[in-house]
Amino acid sequence: MKKTDVTVNIFVKLVILTLFILFSYYKMRINIFYITAELLLFSFINSFFIKDKKFLFNMEVFSFQAATVFYFERRANFYWREVPEKIYDNFDYVKLLFLLFLVIISIFLYFKSENKYLKKYIYFIFFLLLIMGDIFKVNIFSLIPLGGELWLGFSIGNIALTHLKIDIILVGIFLFFLGRKDNVFFFIYNFIILCLFVRYMTVNLVWGIL
């Protein structure tokens, strides 16, 4: 990218981040569906880049963000304390969105993407959500010996990662690694900042559903 393109992209993404932070603080409710929908919308808008006075959509960047949204906004965010049931309203829609993105992103990665590191990351996220996180409530661990103990151990670790925001920090580190392979990924650290802000808001239950 030209220096002017870099400057413009940074400025635009900071503006987008600011708008979404303000929206999150004043308008968003603490509900997994609404939070997921907002972050997916941000991911879509944030995947456009200005280059040579043209808007270009980067599907790899979008795939990274979209898959990460479902990981960051998993139910484990709320497992460590009592929360109102309203938080889980419309969770079936989240599962439908996840299924849709699972299919779209998997097809794209298989046929269009040559970024092997991105593929491994996203497939690992899908594995965590489908098998370890059991997003569809299949209860696969009941079918294997010591499955319940395995799931319990993972859940405890999952809750700790969520509560301490270590999961977001680790993804931010991996994003730096991706940026060294393709510098366009450096432009989406605003996504990590927004996710940290939303997690902070979520953990402190300051949105208006209570």
From the phi of every residue in the range 182-191, what ³J(HN,Hα) in whole Hz does the Karplus formula 6.51 cos²θ - 1.76 cosθ + 1.60 yield, where θ is phi - 60° and glycine or proline is x? 8, 5, 5, 5, 5, 7, 10, 5, 4, 5
If you build a Gaussian network model of the chain, linking Cα atoms that sit under 10 Å apart, which residue out of Ile169, Ile135, Ile32 swings the most? Ile169
Helix 59-72: inclination vs the chain longest Cα principal axis, degrees, rounded to 10, gives 30 degrees
Applying 1/(1 + (r/R0)^6) with R0 = 35 Å to the Cβ-Cβ distance of Val83 and Val15, what FRET efficiency is obtained, to the nearest 0.05? 0.60
Å² per residue, accessible surface of the chain at 1.4 Å: 55 Å²
Which percent of the accessible area of the range 3-208 is formed by carbon and sulfur heavy atoms (probe 1.4 angstrom)? 70 percent
Taking R0 as 25 Å and r as the Cβ-Cβ distance between Lys112 and Leu170, the FRET efficiency 1/(1 + (r/R0)^6), rounded to the nearest 0.05, comes to 0.40
Where is the GNM fluctuation largest for the chain (alpha-carbon springs, 10 angstrom cutoff): Ile30, Ile125, Ile173? Ile173
Selected from Ser113, Ser43, Ser24 as most flexible by GNM, with the chain as the system and alpha-carbon contacts under 10 Å: Ser113
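The values are calculated or read from the model by the stated rules, or taken from the named source; none is laboratory data. The structure displayed is predicted, hence computed values, not measured ones. Quick reminder, even Gly has a Cβ in these numbers, built from the backbone with ideal geometry, and neighbours come from all protein chains shown. SASA here: full protein model, heavy atoms, side chains in, ligands and nucleic acids out. Shrake-Rupley method; radii C 1.70, N 1.55, O 1.52, S 1.80 Å.
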